[in-house]
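FYI, it's all coordinate maths here, none of it is from the lab. As the structure is a prediction and not an experimental result, all values here were calculated from the model. Glycine gets a Cβ as well: all are built from the backbone with ideal geometry, and neighbour counts include every protein chain shown.
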Amino acid sequence: MVTLEQIHHAFQKSSGDQYLDFLAQRETIERILQLKEQKNVLVLGHNYMAPLVYNLSGEGERGDSLQLARYAARSDKPIILFDGVRFMAETAKILNPDKKVLIADMQAGCSLADPFRGAAVRAYKEQFPGLPVVIYINSYADAKAEADYCCTSSNGLQVVQHAAKDFGTDQVIFLPDSLMGENLQDELREAGSALELIYPGKYDTKHGSCEVHEKISLEMVQNIRDQYHLPKHQPGKTLPETAVLVHWECLPEVRKEADLCGSTSQMIRYVREHPSLQRVYLGTECEMAANLQNEFPQIDFVRTCAIACQHMAKITLDKIVKCLETEQPEVTVPEEIRRRALKPIERMLQIK
Ligand code: 13P
Ligand code: SF4
């Protein structure tokens, strides 16, 4: 259980500004922790939450989409507060129909999930009958309900390979992220796999992308490498002192330029597992670098704060207090859709 003292301690070690923010918000944080305990709430926090929100969740309560879905699946608490965006809270509800799932702001959307609903998945199934559909977790319940498997950025490669094997095919429909689809396809090809992914934009003019990650251009990453002296690491030669780590939702040329492409937690793991690191650029939402900066004060994180998610930023301490007090807004999913959406999520969770 996270205590006010622990949070105080964490921010005391952080940059001056963050400590002042903590002091200014101390009473609100204390009230949230009281409500969390009184109401026996599991507070899940995504890696992109601003530091004061991120620190409301402790070990086993924060992480990437896959970890949070797993924590939600094994929760025995009557209420789950999801500090993340709506599709994540909805996934927790699909896994926990009898629990109350709350989100501080129902408008916390996602540029991948918002425009891509069930009818769009059905159209791909009609166009490519018989092929398995893998849907990225960044989608709503009605879209998941039409899919065969769900995946996250942590397990996309495993899930598409699994789906192809189960269906005895070498073609898999991957929705809705065109850039992640292309990145996964490139990685499969580089590994010598003949598996073909069909994603928006490959055989049509549709396109799905993250409005945050698509802003990270190759030119920008190359400039960061030059200006901050972040040379490409030669694996096996020396221990890395610098690293450029990017997310699967980035442009394919950016993935190729990076030292590692992964989910948010895979990037965090890379930093944890390489104590030789001195300077790191994270090609992802900028609050994650702020959270890692607090955990690793000895590392210089290059932050590009124009790369921020407006949806994640909707989750604020003031809204969280109100949400815990009133137990509103509550995330609901119609039962018929929930049951169908559960299948692809369960299939994903069974894949180790
Ligand atoms: P992760 O599953 O890697 O945390 O990604 C979620 C997300 O929305 C990335 O933009
Ligand atoms: Fe969606 Fe991109 Fe925000 Fe992630 S960062 S929630 S993919 S808009």
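Rounding to the nearest 20 debye, state how big the charge dipole of segment 126-227 is about its Cα centre with +1 on each Lys and Arg Cβ and -1 on each Asp and Glu Cβ. Each step should come with its number before you reach the end.
Details: 7 positive and 17 negative charges, 24 e Å.
The calculated dipole for segment 126-227 is roughly 120 debye.
Given R0 = 41 Å, the distance between the Cβ atoms of residue 217 and residue 8 translates into a calculated FRET efficiency of 0.55. Applying the criteria of a DSSP loop state and at most 14 other Cβ atoms within 10 Å to the chymotrypsin sites (Phe, Trp or Tyr not before Pro) of segment 159-240 yields 203, 228. Its relative contact order, with pairs defined as Cα atoms under 8 Å and 6+ residues apart, puts segment 250-352 at 17 percent.
Placing a pseudo-label 7 Å from each Cα along the Cα-to-Cβ vector at residue 37 and residue 253 gives an inter-label distance of 5.4 nm. Once the C-beta distance of residue 73 and residue 339 is scaled by a Förster radius of 22 Å, the resulting FRET efficiency is 0.90 to the nearest 0.05. When shorter helices are ignored and each DSSP H run of at least 4 residues is given -39500 (n - 2.57), the per-residue value for the chain at 222 nm works out to -13000 deg cm²/dmol.
Centre-to-centre, using Cα atoms only, segment 174-201 and segment 65-142 are separated by 22 Å. Think of each Lys and Arg Cβ as +1 and each Asp and Glu Cβ as -1; about the Cα centre, that makes the dipole of the chain roughly 580 debye. Multiplying the residue separation of residue 313 and residue 298 by 0.36 nm and removing their Cα-Cα distance gives an extension gain of 2.8 nm. Only sites in a loop by DSSP and with at most 16 other Cβ atoms within 10 Å count here; which GluC sites (Glu not before Pro) in segment 294-352 make the cut? When the GluC sites (Glu not before Pro) of segment 294-352 are filtered for loop state and at most 16 Cβ neighbours within 10 Å, 327 remain.
Length available on full extension from residue 332 to residue 351: 0.36 nm per residue minus the Cα-Cα distance, which gives 4.2 nm.
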